[in-house]
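Undergrad: Have a look at the structure that comes next, please.
The values are calculated or read from the model by the stated rules, or taken from the named source; none is laboratory data. Small disclaimer: the values here were computed from a predicted structure and weren't measured. Cβ placement follows ideal geometry from the backbone for every residue including glycine, while neighbour counts extend to all protein chains displayed.
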């Protein structure tokens with residue numbers, strides 16, 4: 001099926017959905033109407049772009065028809081020829097955009113995410129770098145209008161994190177954060193270094209799409225749930241009550257802890273969300289690895305062994321090794337200005353998929 005055949009089918013489907021939504025019986029069925037509205041929302045950009053394509057096609061065809069009927073006026077012929085060529089060029093651009101719009105969507109893109117950052121090589125400096133990454137992502141989430149909530153943290157005395165996990169709640173969060181999975185490397189003079197030597201440290205980032213209950217069924221018999229007193233800062237209340245939750249999924253051995261909230265119920269709810277996300281990751285890991293095996297970006301595989309990015313403080317430089325992109329405004333990037341990096345990764349991923357890689 002050609003691109004135009006596909007978009008014509010999309011246009012027909014949008015018309016069909018419009019008629020269905022006007023049916024009182026369908027409108028009364030909340031579940032069905034919601035599903036149709038969601039489908040219509042996903043198809044509308046394709047239908048709109050196809051209407052734009054047809055406008056340019058009609059304009060080019062009209063100019064060519066007039067050109068064929070024009071007598072000997074050279075200026076008018078030149079004008080009509082230029083109009084026809086411009087219409088054709090715009091048609092080609094629309095076709096390329098339609099190819100991108102027709103690419104299969106990642107069904108997880110609209111989901112909220114759970115991000116886990118762990119200190120790697122470099123001792124205390126890597127823990128401090130993990131804190132820098134957490135701050136960067138939290139500020140990025142704020143820029144996008146999303147909410148970041150800490151699930152669990154293991155802080156160090158100097159203000160770093162041996163590990164920290166947090167949720168980013170917002171539609172489309174996974175579509176942006178999924179490119180962050182992997183090993184992040186920092187090159188800078190640590191605050192713990194008195195001689196002024198540059199040290200290289202690493203931290204590992206894992207990004208998991210939030211899993212709904214319908215995505216992962218949990219048997220209560222498979223769960224071992226323990227409560228304990230929260231550690232770290234938080235005042236007397238947090239140290240006196242057993243509000244922290246530890247959930248062990250016995251069949252897989254996955255352990256999740258949450259102690260950020262004072263409410264045991266809220267901690268359990270967050271821990272269950274993380275557990276579902278990790279179990280869903282296990283289920284989809286093999287398939288995702290196969291898909292990404294021939295692609296350079298390792299998108300969404302949760303691959304934690306690949307060095308994906310280097311942050312060099314001395315040169316105010318960030319380099320993403322997957323696409324060879326280097327930017328010289330590290331300071332703004334660490335303050336959450338990640339869109340230029342992520343947009344470039346999305347463009348490269350789209351190009352890879354268009355090539356069928």
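Undergrad: With respect to residue 47, determine if the residue is more than 28 Å from residue 171 (Cα to Cα) and either in a helix (DSSP H, G or I) or not assigned by TED's automatic domain parsing to the domain that holds residue 171 (or both). It would help to see each step written out before you state the result.
TA: Working: more than 28 Å from residue 171 (Cα to Cα): no; either in a helix (DSSP H, G or I) or not assigned by TED's automatic domain parsing to the domain that holds residue 171 (or both): yes.
Here the answer is no, as residue 47 does not meet what is asked.
Undergrad: Let me ask something additional. Can you name every residue in the stretch 82-109 that is surrounded by fewer than 13 Cβ atoms within 10 Å (Cβ to Cβ) and not in a helix (DSSP H, G or I)?
TA: 103, 104, 105, 107
Undergrad: Okay, moving on. If you check residue 296 against the conditions, is it modelled with pLDDT of 85 or more, surrounded by 13 or more Cβ atoms within 10 Å (Cβ to Cβ) and farther than 17 Å from residue 200 by Cβ? Give the steps one after another, and end with the answer.
TA: Numbers: modelled with pLDDT of 85 or more: no; surrounded by 13 or more Cβ atoms within 10 Å (Cβ to Cβ): yes; farther than 17 Å from residue 200 by Cβ: yes.
Answer is no for this residue.
Undergrad: Could you grab me the full set of residues in the stretch 320-336 that are modelled with pLDDT of 95 or more and buried (at least 17 other Cβ atoms within 10 Å of the Cβ)?
TA: Hits for the stretch 320-336 are 320, 330, 333, 334, 336.
Undergrad: Within the stretch 117-130, identify whether any single residue is part of a helix (DSSP H, G or I), closer than 22 Å to residue 341 by Cα and assigned by TED's automatic domain parsing to the domain that holds residue 260, and answer yes or no. Write out each step before concluding.
TA: Step one: filter the stretch 117-130 for residues part of a helix (DSSP H, G or I), giving 124-130.
Pick out the ones that are also closer than 22 Å to residue 341 by Cα and you get 129-130.
From what's left, assigned by TED's automatic domain parsing to the domain that holds residue 260: 129-130.
Yes, because at least one residue in the stretch 117-130 is part of a helix (DSSP H, G or I), closer than 22 Å to residue 341 by Cα and assigned by TED's automatic domain parsing to the domain that holds residue 260.
Undergrad: Here is a follow-up. From the residues in the stretch 299-318 that are under 16 Å from residue 203 (Cβ atoms) and out of contact with any helix residue (DSSP H, G or I) (no Cβ under 9 Å at 6 or more places or on another chain), which one is modelled with the highest pLDDT?
TA: It comes out as 310.
Undergrad: Count, please, the residues in the stretch 141-175 that happen to be touching a residue at least 60 places away in the same chain (Cβ under 8 Å) and out of contact with any strand residue (DSSP E or B) (no Cβ under 9 Å at 6 or more places or on another chain).
TA: Selection size over the stretch 141-175: 4.
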